[in-house]
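The values are calculated or read from the model by the stated rules, or taken from the named source; none is laboratory data. If you're wondering where the values come from, they're calculated on a predicted model, not measured in any experiment. No Cβ is skipped: glycine too gets one built from the backbone with ideal geometry, and neighbour counts run over all protein chains shown. Ligands, DNA and RNA are stripped out before the accessible areas are found, and what is left, the full protein with its side chains, is counted by its heavy atoms. Shrake-Rupley method; radii C 1.70, N 1.55, O 1.52, S 1.80 Å.
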Amino acid sequence: MRLPDAVRIVEVGPRDGLQNEAGHVSTQAKVELIDGLANAGLGYIEAGSFVAPAWVPQMADTAAVWAAMRQAPGVTYAALVPNLRGLENALACGVREVAVFASASEGFSQHNINCSIAQSLARFEPVLARALSEGVRVRGYVSCVMGCPYDGKVTPEQVRPVALALSEMGCYEVSLGDTLGVGTATQTRRLIDVVGHAVPRAQLAGHYHNTYGQALANVYASLLEGVSVFDSALGGLGGCPYAKGASGNLATEDLVYLLQGLGIETGVALDTLIALSWAFNRVLGRTPDAKVSLARPAPGVGP
């Protein structure tokens with residue numbers, strides 16, 4: 001299959017990247033990160049999550065972040081919502097795009113949100129109905145699409161009905177998340193082939209963690225299967241609080257470098273992104289978990 005001319009990058013660093021941070025990250029630091037990402041050319045930024053602070057303390061200030069951040073023209077700012085209450089809080093802040101999430105694994109669903117897959121999908125029906133009635137777009141996530149910390153291997157046949165259910169509810173796009181980062185290119189191609197018979201490939205996205213170093217290979221495999229939307233996090237930030245051992249997301253710098261090398265347009269200024277990655281990781285007290293940033297440290301902010 002011919003590679004796409006352009007790819008849309010969904011930057012999840014401010015939400016998925018920070019939700020598992022042990023140390024406190026200030027509201028101001030989050031706002032500066034979000035503004036920096038927009039300045040670097042990211043056109044879609046997941047800026048926070050309206051979840052109960054007891055479950056994800058790092059996201060407790062999402063409303064304050066939303067009030068303080070500068071919303072650049074042409075940039076989509078989205079928030080994750082777990083239920084109707086979360087959606088109402090998001091609407092009160094003026095959020096115009098939200099994301100919902102379900103698992104392809106029963107074990108992960110029970111440990112993550114204390115209900116079955118079927119129950120979680122039922123919970124989202126009123127969320128989708130309310131959001132769509134307000135003209136708010138909804139993006140869906142399916143987690144554990146190739147492996148689960150509780151159930152082990154997850155097959156594409158398990159993923160397909162969950163992705164289809166989210167699509168039929170009204171999610172305009174469904175992101176397939178390798179939460180553990182265990183998938184390989186062959187698994188990824190088969191996953192997209194199976195799920196793509198239920199949800200059009202133009203409505204699928206890839207969300208690949210890099211635990212086993214396979215995220216970029218899985219991106220390339222996805223490109224070959226007609227997927228042209230990918231989630232990533234600046235500096236490889238992230239990890240799942242409910243998936244022990246899962247490392248960070250695919251680093252946005254590494255994704256952009258790959259796509260540029262393939263002649264695929266992203267709209268992202270790589271040097272600006274690298275400088276931001278070094279600067280923000282310095283706030284966190286560490287270096288970026290991104291090969292490109294380690295190879296090309298920006299003057300004054302490198303090691």
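Determine the dipole magnitude for the chain: charges of +1 sit on the beta-carbon of Lys and Arg, -1 on that of Asp and Glu, nothing else is charged, the reference point is the Cα centre, and the result goes in debye to the nearest 20.
Numbers: 21 positive and 26 negative charges, 26 e Å.
So the magnitude is around 120 debye.
Ranking request for peptides 259-265, 115-121: highest mean number of other beta-carbon atoms within 10 Å first, then the rest in descending order.
Final packing ranking: 115-121, 259-265.
From the phi of every residue in segment 212-217, what ³J(HN,Hα) in whole Hz does the Karplus formula 6.51 cos²θ - 1.76 cosθ + 1.60 yield, where θ is phi - 60° and glycine or proline is x?
9, x, 9, 4, 5, 4
Which shape class, rounded, prolate or oblate, goes with the chain when its Cα gyration tensor gives a ≥ b ≥ c as root eigenvalues, a/c under 1.5 marks rounded, and past that a/b bigger than b/c marks prolate?
rounded
Counting other Cβ atoms within 10 Å, which trypsin sites (Lys or Arg not before Pro) in segment 144-252 have at most 15 and lie in a DSSP loop?
Hits after loop and neighbour filter: Lys244.
Around Ala99, which amide H atoms from residues at least 5 apart in sequence, or from another chain, sit under 5 Å from its own amide H, with H modelled in the peptide plane?
Result for Ala99 returns Ala79, Leu80, Val81, Arg139.
Return the long-range amide H neighbours of Ala205 (sequence gap of 5 or more, or a different chain), with a cut-off of under 5 Å between placed amide H atoms.
Val174, Ser175, Leu176
Pop a pseudo-label 7 angstrom from the Cα along the beta-carbon direction at both Asp271 and Ser133 and give the gap in nm to one decimal.
5.2
What list of ³J(HN,Hα) couplings, whole Hz, do you get for segment 140-145 from phi and the Karplus terms 6.51, -1.76, 1.60, once you set θ to phi - 60° and write x for glycine and proline?
Along segment 140-145, the couplings run x, 10, 10, 9, 6, 7 Hz.
Residue by residue, what Karplus-based ³J(HN,Hα) values in Hz, rounded to whole numbers, does segment 259-274 have, using 6.51, -1.76 and 1.60 with θ = phi - 60° and x for Gly and Pro?
Calculated HN-Hα couplings, in order: 5, 4, x, 8, x, 9, 6, 10, x, 9, 8, 5, 4, 5, 5, 4 Hz.
Report for the chain the percent antiparallel among DSSP-assigned beta bridges with both residues inside it, nearest 5. Could the numbers behind the result be given before it?
Numbers: 3 of 35 bridges.
Beta bridges within the chain, antiparallel portion: roughly 10 percent.
Which one of Ala104, Tyr44, Gly206 is farthest out on the positive end of the charge dipole of the chain, using unit charges on Cβ (Lys, Arg +1; Asp, Glu -1) and the Cα centre as origin?
Of the listed residues, the answer is Ala104.
With every protein chain kept in place and ligands, DNA and RNA left out, what is the accessible area per residue of segment 75-165? Probe 1.4 Å, answer in Å².
Averaged over the residues of segment 75-165, the accessible area is 39 Å².
Count neighbours as other Cβ atoms within 10 Å of each site's Cβ, and list the trypsin sites (Lys or Arg not before Pro) in segment 1-41 that are DSSP loop with at most 11 such neighbours.
Counting only loop positions with at most 11 other Cβ atoms within 10 Å, the trypsin sites (Lys or Arg not before Pro) in segment 1-41 are Arg2.
How far is it, in nm, from the label point at Thr184 to the one at Ala54 when both lie 7 Å from their Cα along the line to the Cβ?
4.3
How much of the accessible area of segment 153-303, in percent, comes from carbon and sulfur atoms when a 1.4 Å probe is used?
In segment 153-303, the share of accessible area belonging to carbon and sulfur is 53 percent.
What is the distance, in nm, between label points placed 7 Å from the Cα along the Cα-to-Cβ direction at Val283 and at Val194?
4.0
Less than 10 Å Cβ to Cβ from Gly236, Lys/Arg counted +1 and Asp/Glu -1: what total charge do the surrounding residues give? Spell out each step's value before the answer.
Values: positive: Lys291; negative: Glu253, Asp254, Asp289.
Summing Lys and Arg as +1 and Asp and Glu as -1 gives -2.
Just how much of Met1 is accessible, in Å², when a 1.4 Å probe is used and the result is rounded to the nearest 10?
150
What 222 nm value per residue comes from the helices of the chain, counting each DSSP H run with n ≥ 4 as -39,500 (n - 2.57) and dividing by all residues, nearest 500 deg cm²/dmol?
-12000 deg cm²/dmol
Take the Cα of His24, step 7 Å along the line toward its Cβ, and report every residue of segment 53-79 whose backbone nitrogen sits under 15 Å from that point.
Inside the label zone: 57-62.
Estimate the FRET efficiency between Arg70 and Glu168 by the formula 1/(1 + (r/R0)^6), using the beta-carbon distance for r and 30 Å for R0, to the nearest 0.05.
On the way: r = 36 Å, r/R0 = 1.20.
Approximately 0.25, to the nearest 0.05.
Just reorder Leu234, Leu84 by solvent-accessible area, largest first, 1.4 Å probe, all chains present.
Largest accessible area first, the list is Leu84, Leu234.
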